[in-house]
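Read through the structure below, which is laid out as structure tokens, and then see the notes.
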Amino acid sequence: MQDSVLPLEGVRVADFCWVWIGPYCCKLLSMLGAEVIKVEGHKRTDLTRHSVTWPLADLVTSEVPTNQGMAFNALNMNKKSVTLDLTTLEGLELARRIATLSDVVVDNMRAGFMEKIGLGYQQLRRWRPDIIVVSCSSRGLKGPESSYAGYATIHHAVGGASYITGYPDDAPCNSSADPDLINGTTAAYATVAALYHRMRTGEGQHIDYSQCEGVSSYIGDLLLGYEMTSEVPERMGNVHPVYAPHNVYRCWGVDRWLALEVHSDEEFAILAGVIGKPELARDSRFADMASRKQNEAELDRIIGAWTRERDRDWMVDELCQAGLAAAPSRDARDLYADPHLRARGAFVTIDHPELGELELVGVPWKMSDGQLATNRAPLLGEHNDYVLRQLLGLSEAEVADLRRDEVVM
């Protein structure tokens, strides 16, 4: 049987990205078979090369070696790394040549930066008319705030999601890197759509992606509600405007929680039976959805008293077997141990030359006719010879001169 071909095999992506959204977008494209060349400065690397996502045991903070940042290794699987000093004319010319030999160029720099260094869409299309450029700036390339910088926290706030996240009696909350991953996924989708358009028409495309607008797009139902009623949506914690019960309940043990929601009177009768209080379904306070919503605080107290004395996973199994929507609120330890995720192959194992065997999160979809690419993230400058000599055709002496002048590492 012949090996299956992934959808983006033969597509080359020049990745001028750093931190989260851009690298994750390009990782998804690489999983679909694209050759992704990550262009980095060896004097100013991707920040995630030196970041960790857990508390270090050291009493004094130690520097993370260049190739050992966990976020970097998770976000840059399958890519090739070339190092260029983009503050030099030679580095910029090499970057231009890489870009014009690519089908897609992706960046998540501040608006105007790529144009400033000669790598904007209008500049690149002079050398390659059908090129696709994906610009993932904070607030888009046009508008009075286009020059503003931003990270996930800013995008979550400006996009409107922070205001509605949290409890009614507390301040707005941010959701850390979630906006980056959602925006990265959306940008990858837009890239695939542009490639499909080019396949049909031969036309290139410039995708001007605003990360703040990306956040607004996934709270569209709330914005539409405001447009229709003029009522500003407020923070609700874990409750729902209509359904009750709809909450996260404390379980037996340390920091163990269970999420539960009920959508009908029939489901509530089942829940009442599971928790050993079938009479609740006949109680006038809880007999229908409107009554349950009106008496939600008391209902949560009753359910919470039951969950607090029992094991979380046992309760989830009981509730799900009864046909209810329940789930554990999981931490990293739970996720790695989850038998369902194990059965689905949600984690991929790679062999890192400095860190040894690592188990990383893959992508949340499978393809019936394609084995997704799952290679490790590159070491800094690992593919300099491939890019400079094989792809660009430079001689050994020319590469040696570039290294001597510190244009490349």
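Looking across the stretch 363-383, the residues that are modelled with pLDDT under 85, of a type in the set (Gly, Ala, Ser) and surrounded by 12 or more Cβ atoms within 10 Å (Cβ to Cβ) come down to 370, 373.
Residues in the stretch 269-287 that are in a loop (DSSP other than H, G, I, E, B) and among the charged types (D, E, K, R): 277, 283, 285.
For residue 125, are the conditions met, namely being free of Cβ contacts under 8 Å to residues at least 40 places away in the same chain, open to solvent by 10 Å² or more (accessible area, probe 1.4 Å) and part of a helix (DSSP H, G or I)? Write out each step before concluding.
Numbers: free of Cβ contacts under 8 Å to residues at least 40 places away in the same chain: no; open to solvent by 10 Å² or more (accessible area, probe 1.4 Å): yes; part of a helix (DSSP H, G or I): yes.
Against the criterion (free of Cβ contacts under 8 Å to residues at least 40 places away in the same chain, open to solvent by 10 Å² or more (accessible area, probe 1.4 Å) and part of a helix (DSSP H, G or I)), residue 125 does not qualify.
Within the stretch 209-235, the set of residues being open to solvent by less than 40 Å² (accessible area, probe 1.4 Å), of a type in the set (Gly, Ala, Ser) and out of contact with any helix residue (DSSP H, G or I) (no Cβ under 6 Å at 6 or more places or on another chain) comprises 210, 216, 220, 225. Put simply, of 39, 82 the only residue that is at pLDDT 95 or above, under 27 Å from residue 348 (Cα atoms), in contact with a His (Cβ under 8 Å, 6 or more places away or on another chain) and surrounded by 14 or more Cβ atoms within 10 Å (Cβ to Cβ) is 82.
Pull up the stretch 174-203, narrow it to residues that are assigned to a loop (DSSP other than H, G, I, E, B) and either touching a residue at least 40 places away in the same chain (Cβ under 8 Å) or aromatic (Phe, Trp, Tyr) (or both), then point me to the one that is surrounded by the most Cβ atoms within 10 Å (Cβ to Cβ). Spell out how you get there, then give the answer.
Narrowing the stretch 174-203 to residues assigned to a loop (DSSP other than H, G, I, E, B): 174-177, 202-203.
If we keep only those that are either touching a residue at least 40 places away in the same chain (Cβ under 8 Å) or aromatic (Phe, Trp, Tyr) (or both) too, we end up with 177, 202-203.
Working: 177: 20, 202: 9, 203: 12.
Looking at residues that are assigned to a loop (DSSP other than H, G, I, E, B) and either touching a residue at least 40 places away in the same chain (Cβ under 8 Å) or aromatic (Phe, Trp, Tyr) (or both), I get 177.
Within the stretch 325-343, the set of residues being among the aliphatic types (A, V, I, L, M) and either closer than 15 Å to residue 249 by Cα or surrounded by fewer than 11 Cβ atoms within 10 Å (Cβ to Cβ) (or both) comprises 325, 326, 327, 332, 337, 343. Quick check: is even one residue across the stretch 53-69 part of a loop (DSSP other than H, G, I, E, B), modelled with pLDDT of 90 or more and open to solvent by less than 20 Å² (accessible area, probe 1.4 Å)? Checking the stretch 53-69: at least one residue is part of a loop (DSSP other than H, G, I, E, B), modelled with pLDDT of 90 or more and open to solvent by less than 20 Å² (accessible area, probe 1.4 Å).
When 266, 298 are screened for being free of Cβ contacts under 8 Å to residues at least 60 places away in the same chain, closer than 21 Å to residue 327 by Cβ and part of a helix (DSSP H, G or I), only 266 passes. Among the residues of the stretch 384-403 satisfying the criterion of being touching a residue at least 40 places away in the same chain (Cβ under 8 Å) and under 18 Å from residue 14 (Cα atoms), which is most open to solvent (accessible area, probe 1.4 Å)? The qualifying residue most open to solvent (accessible area, probe 1.4 Å) is 386. If you filter the stretch 206-245 down to residues that are in a helix (DSSP H, G or I) and more than 28 Å from the chain's Cα centre (by Cα), you find that the one that is farthest from residue 104 (Cα to Cα) is 229.
Quick check on my filter: what residues within the stretch 344-358 are surrounded by 14 or more Cβ atoms within 10 Å (Cβ to Cβ) and either modelled with pLDDT of 95 or more or aromatic (Phe, Trp, Tyr) (or both)? First the steps, then the outcome.
Initial filter on the stretch 344-358 (surrounded by 14 or more Cβ atoms within 10 Å (Cβ to Cβ)): 346-348, 350, 352, 355, 358.
If the condition is that a residue be surrounded by 14 or more Cβ atoms within 10 Å (Cβ to Cβ) and either modelled with pLDDT of 95 or more or aromatic (Phe, Trp, Tyr) (or both), then 347, 352 are the ones that fit.
Residues in the stretch 246-299 that are open to solvent by less than 40 Å² (accessible area, probe 1.4 Å) and among the polar types (S, T, N, Q) were compared, and the one that is farthest from the chain's Cα centre (by Cα) is 291.
The values are calculated or read from the model by the stated rules, or taken from the named source; none is laboratory data. Computed from a predicted structure; not experimentally measured. Cβ: placed from backbone, ideal geometry, glycine included. Neighbour counts: every protein chain shown. Calculation scope for accessible area: heavy atoms of the full protein, side chains included, ligands and nucleic acids excluded. Shrake-Rupley method; radii C 1.70, N 1.55, O 1.52, S 1.80 Å.
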